[in-house]
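Structure first, commentary second.
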Amino acid sequence: MTLANKLAEERRARLAAERLLGQKQAELQAANRKLGKHALALSEEIHETRAVVRTVRDENARVKSDLNVAQEKIEQAERRLWHSINTIEDGFAVFDSDSKMITANSAWLSAFDELEAVQPGISYFEILQFATEEGLVDVGDATPAAWRKRMLDRWQSPAPEPVVVRLWNDEYIKLIDQRGSGGDVVCLALRITDSVRYEKKLEAARVLAEAANEAKTSFLANMSHEIRTPMNGIVGMADLLIDMDMSEEQQLYADTIKSSGEALLVIINDVLDFSKIEAGKLVLIEEEFDLERCTHELITLMQTNACEKGIDLIVDFDLFVPRCYIGDPGRIRQVLTNLLGNAVKFTEKGHVILRVTGTPSPEGNGTDLHISIEDTGIGIPAEKVRHIFGEFNQVENAHNRKFEGTGLGLAISQRLVELMGGKVWVESDEGQGSTFGFSITLPAVDAFDIETLKTPEGLNTVLVVHSHRINRAILKRQLEAMKLNVRAVESAAVALAMDRTGIDLILTEYTMPKMDGFELTEALFEASDLTPVMVMSPSPSKTVTEPAHKHVATVLSWPLQREGLLSALQDCADRFDPRVVQPETEKAPEPETKPEQASPPVDVLDDIQVEPLPSEAVTALVSFASKRAAPLAVPRQMRVLAADDNKTNRLVFSKMVKALDIDLQFATNGVEAVSLYENFQPDVVFMDISMPEMDGKEATRRIRVAQIRSGRQVPMIAMTAHAMDGDREDILAAGLDVFLTKPLKKDLIVEQITEACPPEARHPHPDVAVGQS
């Protein structure tokens, strides 16, 4: 190869190398550019990563700081909680599911007298062993093993019942254990020593209170008995004096003694009733009774006092309310008596109205009765309305009272109504009057039948003559409810002056000013007005002496009762035809009854032809005459035995029955009563209860045994001063038939003797013919 070729080749090689170097440089530059871009991206990424790391580091620092703060707070809260748990007097402990103690406060551990073994990690069973072996608990009558078993059984139950443990130092703790879902148990040991001691004090106080209440009850029973015994003599003798012929002044004294004694008995009964209610021993009796009759009887009893004060007693009994109910008539009557008596007592003028209304109960099991007593009396100040229902409270000041009384009547009435499921209410304006009322629900015996108010045919228009405006309004409303046309006037003069055409019946008041009801009837008869007249009188039996009584269709008892009014209307319709009235012709006066004439003269007898009697008739007459001539067997006297250790009571009893035709013998104690019964064989026995040597109940039992042996039963009547609740049942359970409380009533004694009279004895009333007993 030539040099030129070599040079050319070297030049070509150099050019190729330069080209390759340029190419490599270009690639290197491209690579550098990529590396620069990558380095830039990496630098930016590193920068971002550093920022993130810095942020995370800051966040971690903050979180760590927060965690530290939270931990400090938790530790602080734990310290405070545990400090609080250690501060409280009650014990607190936690056990794990294996019954090992996790922790306990000092109060819980203090019960173990600082025993080092009792600490976290000890088991519950070991704690029970320490408690019994160290004598830390009082196991009572149980053995330590039995006590531990009972406590362990309780601990292992799913829901342990609280238990009270008595410690050796007479302190008490109440263990309350709560098992959690994981098996852990939280145990609370409450110190209840003060509560237990307080309960013991309360129990001791309750025992003392019951003893005091029993003493009070016993005192009231003894007081009732001891007061009623002499009161029997006072009231009984006063009652006997009243029946004697005395001067007007003496009669006043006797009446005063009797009324004062009865007033004292009312006070005793009020105190006893209130004591029964307060002790929760008053029991209501459920029986059938007539409410309408009950209200009218009360009005009749109160009428005398009302008339003496010049006030009117008015009854407004709703015609559409049933008459008969199931309830306690005695207690309802007592409430009505209290309310009605107060109304009369605190009313000086005007009227007292007893209203009875009612509606069917929404439950359909009875009648909602509303009974109110409205008066025009002194009224009650607004601030004292609630005060009057308190015990021993009255409207007037105790040091300046015008009206007497215990102040128990309204309190007793309110309690009785509440016992019957009702409520009492009062509305009053001072100086204007008051309205007391109560509402109760009672089951009616029979549902009200409106057909009972149907009036007889032909009776359409009634003229009412009454001087009292309210009574006229009530009568008008009641008669209109019977579908009658009613015309009402205020006086007899107006009735005579008015046009009475179309009047079918005249209903008039008896006592009216200027002209009473009978005088009105006489005037109508003289005017040839024969319209039937009915007179309303509080005492119908006392009107028979009225000259015009014969012209009256009937005399109705006032206040009117539905049954009596409807019966009278029917009788009037049967006796009188208001369309055709025939005047009665006056009968010729009957000749006066002449005394029995003497036997006619002999010559007159000679003119009488007497036919001979048949032999059979003569024989019969002779036999009859012989029987009549034979002496008749006179029935024996009725035999009465009365046992009473009190001399005054025996005297009162003998005086009460002195008018009776009886053989009376007394026993002064139970032993004498039993002996005398065997020898005397009485027809009836009156037995006192409290007697020396043998009381009346034991004597009754022995007499009843003797009666069973002999087969002869006689009535036995208790006459006792025991009037507390339960006395009646206890006494009757001894074998007595009737329970009479002292003071004894003469009519009740006579009634019992009369009812007990056997057929073979003479009737105890001398005026009753033999054989009518």
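The values are calculated or read from the model by the stated rules, or taken from the named source; none is laboratory data. In this text, all values refer to a predicted model and were calculated from it rather than measured experimentally. Glycine also receives a Cβ, built like all others from the backbone with ideal geometry; neighbour counts cover every protein chain displayed. The area values use the complete protein model at the heavy-atom level, side chains included, leaving out ligands, DNA and RNA. Shrake-Rupley method; radii C 1.70, N 1.55, O 1.52, S 1.80 Å.
Counting DSSP beta bridges in segment 234-372, what percent are antiparallel, to the nearest 5?
Details: 10 of 16 bridges.
Roughly 60 percent of the beta bridges in segment 234-372 run antiparallel, per DSSP.
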- Query: Using a 1.4 Å probe, how large is the accessible area of Lys34, given in Å² and rounded to the nearest 10?
  - Reply: 150 Å²
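Sort 76-84, 267-275, 754-762 by packing, meaning the average of other beta carbons within 10 Å per residue, with the highest value first. Present the calculation step by step, with values, prior to reporting the outcome.
Working: 76-84: 10.4, 267-275: 18.1, 754-762: 15.0.
Packing proxy ranking, top to bottom: 267-275, 754-762, 76-84.
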- Message: Below 8 Å, C-alpha to C-alpha, sequence gap of six or more: please give me the relative contact order for segment 245-342 in percent.
- Response: 33 percent
- Packing-ranked peptide list from 3-9, 563-569, highest mean Cβ count within 10 angstrom first, is 563-569, 3-9
- Do you know the relative contact order of the chain, to the nearest whole percent, from alpha carbon pairs under 8 angstrom that are 6+ apart? 8 percent
- Task: Can you tell me the FRET efficiency between Leu284 and Ala733 if r is taken as the Cβ-Cβ distance and R0 is 22 Å, rounded to the nearest 0.05?
- Result: 0.65
- Over segment 286-362, relative contact order from alpha-carbon pairs under 8 Å, at least 6 apart, %: 45 percent
- Item | For the chain, calculated [θ]222 nm from helices alone, where every DSSP H run of n ≥ 4 adds -39500 (n - 2.57) | -15500 deg cm²/dmol
- Keeping all protein chains in position, work out how much accessible area Tyr510 exposes to a 1.4 Å probe, and write it in Å² to the nearest 10. 40 Å²
- Reachable lysines from Lys34, criterion Cα separation under 26 angstrom, eight or more residues apart if same chain: Lys24
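With a 1.4 Å probe and all protein chains in place, put Trp558, Trp168 in order of accessible area, largest first. Intermediate results must be reported in sequence, preceding the final value.
Working: Trp558 40, Trp168 160 Å².
Solvent-accessible surface, decreasing: Trp168, Trp558.
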- Compute the distance in nm between two label points, each set 7 Å from the Cα along the Cα-to-Cβ direction, one at Asp58 and one at Gln178. 4.6 nm
- Query: Using a simple spin-label model with points 7 Å from Cα along the Cα→Cβ vector, what separation in nm is obtained for Ser106 and Thr49?
  - Reply: 6.0 nm
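Could you check how much of the accessible area of segment 650-729 is carbon and sulfur, as a whole percent, using a 1.4 Å probe? Working shown, then result.
On the way: 1680 of 3400 Å².
Reported share for carbon and sulfur atoms: 49 percent.
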- Query: For Gln25 and Leu3, what does the FRET efficiency come to when R0 = 35 Å and r is the distance between their Cβ atoms, rounded to the nearest 0.05?
  - Reply: 0.65
- Sort Phe680, Phe320, Phe448 from largest to smallest accessible area, using a 1.4 Å probe on the heavy atoms of the protein chains. Phe320, Phe448, Phe680
- Quick one: work out the % antiparallel among DSSP beta bridges in the chain, nearest 5. 55 percent
- Query: Which pairs, out of Lys216/Lys345; Lys647/Lys746; Lys216/Lys423; Lys483/Lys514; Lys216/Lys746, put more than 23 Å between their alpha-carbon atoms?
  - Reply: Lys216/Lys345; Lys216/Lys423; Lys483/Lys514; Lys216/Lys746
- Query: Which aspartates and glutamates, on any chain, are close to Lys200 with Cα under 16 Å apart, when same-chain ones fewer than 8 places away are left out?
  - Reply: Asp170, Glu171, Glu210
- Note on the structure: Cross-link reach from Lys100 to lysines, straight Cα distance under 22 Å and at least 8 residues apart if same chain, gives Lys149, Lys174
- Query: Considering the values (i) 2, 11, 18, 23, 22, 15, 6, 2, 0, 0; (ii) 2, 8, 11, 12, 12, 11, 9, 7, 6, 4, 3, 3, 2, 2, 2, 1, 1, 1, 1, 0, 0, 0, 0, 0; (iii) 2, 11, 16, 19, 17, 12, 9, 7, 5, 2, 0, which represents P(r) over Cα pairs in 10 Å bins from 0, in percent as calculated for the structure under consideration?
  - Reply: (ii)
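Whenever you get a sec, line up Asp312, Asp375 from highest to lowest accessible area (probe 1.4 Å, protein heavy atoms). Display every interim value, and only then the final one.
On the way: Asp312 65, Asp375 15 Å².
The ranking, largest first, comes out as Asp312, Asp375.
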- Please work out the average accessible area per residue across the chain, using the 1.4 Å probe convention, and give it in Å². 59 Å²
- Task: Describe numerically, in nm with one decimal, the distance between label points set 7 Å from Cα along Cα→Cβ at Ser65 and at Ser675.
- Result: 11.6 nm
